[in-house]
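The structure under discussion appears below in the form of structure tokens.
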Amino acid sequence: MTTTPPTDSADFILLFDACPIPQIQLAADNRILRGNPALARLLGIRSGELTGGRLLPPATGSGPVRLSWDAGKCEALIFTNDLLTAPGYRICMVHFSHADPLENASELFPLRDVQHRLRNLIASVRSIFRRTAATSDSIDHLTSHFIGRLDAVARVESNLALAERHGLEFHNLIMDELAAFAVRPGEQAVLDGPDVRLHILSAATLALVIHELANNSVKFGALEADKGTVTISWWIDPASPRALHIVWHETGGSCAAIDHNGFGMELLTRTLPFELDGTAEIDATAESFRVHINLPVTNRLLHAVD
């Protein structure tokens, strides 16, 4: 039985393509395996045109390298920095200036931050896959749930360019996750809360939490029925210690509780305490389903105000 290389998997390609940083994946012989859409946009070409081309190092010394594609008919001078190296391939960040991206710590995506984030992202995807596999009873169940969770992470990753400087607005994060299930605020969902901007380190975790609650509601809870509604409210308690409170409240419909052995329950009872020092109280009855999340305000949770 053959095994699909990690970088040929649909999951890797989804994350690679969602990254806003121009990147290229190279084989050991500098053959171009793929470039991401961010790089294609900079070069003014279609995604996929780079595949099969080559990266040609300078003849002598250091300097820009030549990116050659379309059987050598097209070339561009670029600079690269390795983000990830592995047997048989490497992933490079592409830029068009000789300036070392490490020299200016205020740049939007310093190389060290990109490398750290990429490693964390890969580790997160692996963890999501393991936990999804552990709670799946069939290949179809594993595939559908893992893709849904991966999509939630990818939606957050695609917004990181702005989130790096301004934080990711919690209201927009909720809107994105509800939209993935065709749920529109004002119809079956009510959102109520102040402007809260999440740090990039907490955004992916909270996106997964909202995704799991929405998925559970659409399949088994209030959003399964036309008359069911969900109210999502949040606020910051100014008392010491400061805390962000998030309440997910379903009424109408079947209001089924979360599977106590499922991925969503693990997120609420294990991941939130481990990653964000948070707690979650779950109250389920025949008439309503309510989750109250309490997260201490830290530099890891919220984006610092300028």
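Couple of notes before you dig in:
- Given (1) open to solvent by 70 Å² or more (accessible area, probe 1.4 Å); (2) at pLDDT 90 or above, number of the condition residue 295 does not satisfy: (1)
- Inclusion of residue 155 among residues that are under 18 Å from residue 19 (Cα atoms) and either open to solvent by 50 Å² or more (accessible area, probe 1.4 Å) or basic (Lys, Arg) (or both) is warranted.
- Within segment 174-196, the set of residues being outside any loop (DSSP other than H, G, I, E, B), at pLDDT 90 or above and open to solvent by 10 Å² or more (accessible area, probe 1.4 Å) comprises 190, 191, 192.
- The set of residues from segment 2-31 being surrounded by fewer than 16 Cβ atoms within 10 Å (Cβ to Cβ) and either at pLDDT 85 or above or on the phi > 0 side of the Ramachandran plot (or both) comprises 27, 28, 29, 30, 31.
- Residue under evaluation residue 263, criteria (1) surrounded by 16 or more Cβ atoms within 10 Å (Cβ to Cβ); (2) modelled with pLDDT of 85 or more; (3) hydrophobic (A, V, I, L, M, F, W, C), criterion not met: (2)
- Residue match in segment 44-51 (condition: loosely packed, with under 15 Cβ neighbours inside 10 Å and in contact with a helix residue (DSSP H, G or I) (Cβ under 7 Å, 6 or more places away or on another chain)): yes
- Selection of first residues in segment 269-288 that are more than 15 Å from residue 198 (Cβ to Cβ) and free of Cβ contacts under 8 Å to residues at least 12 places away in the same chain and of second residues that are among the charged types (D, E, K, R) and surrounded by 15 or more Cβ atoms within 10 Å (Cβ to Cβ), restricted to Cβ pairs under 6 Å at least 6 apart or on distinct chains, gives the following pairs, ordered by first then second residue: 283/290.
- Failed criterion for residue 223 (all others in (1) open to solvent by less than 10 Å² (accessible area, probe 1.4 Å); (2) outside any strand (DSSP E or B); (3) in contact (Cβ under 8 Å) with a residue 40 or more places away in the chain hold): (1)
- Flag for residue 67 being at pLDDT 85 or above and out of contact with any Lys or Arg (no Cβ under 7 Å at 6 or more places or on another chain): yes
The values are calculated or read from the model by the stated rules, or taken from the named source; none is laboratory data. This structure is a prediction, so every number in the text was calculated from the model and none was measured. All Cβ positions, glycine included, derive from the backbone under ideal geometry; neighbour counts span all protein chains shown. Heads up: the accessible areas ignore ligands, DNA and RNA and are worked out on the full protein's heavy atoms, side chains in. Shrake-Rupley method; radii C 1.70, N 1.55, O 1.52, S 1.80 Å.
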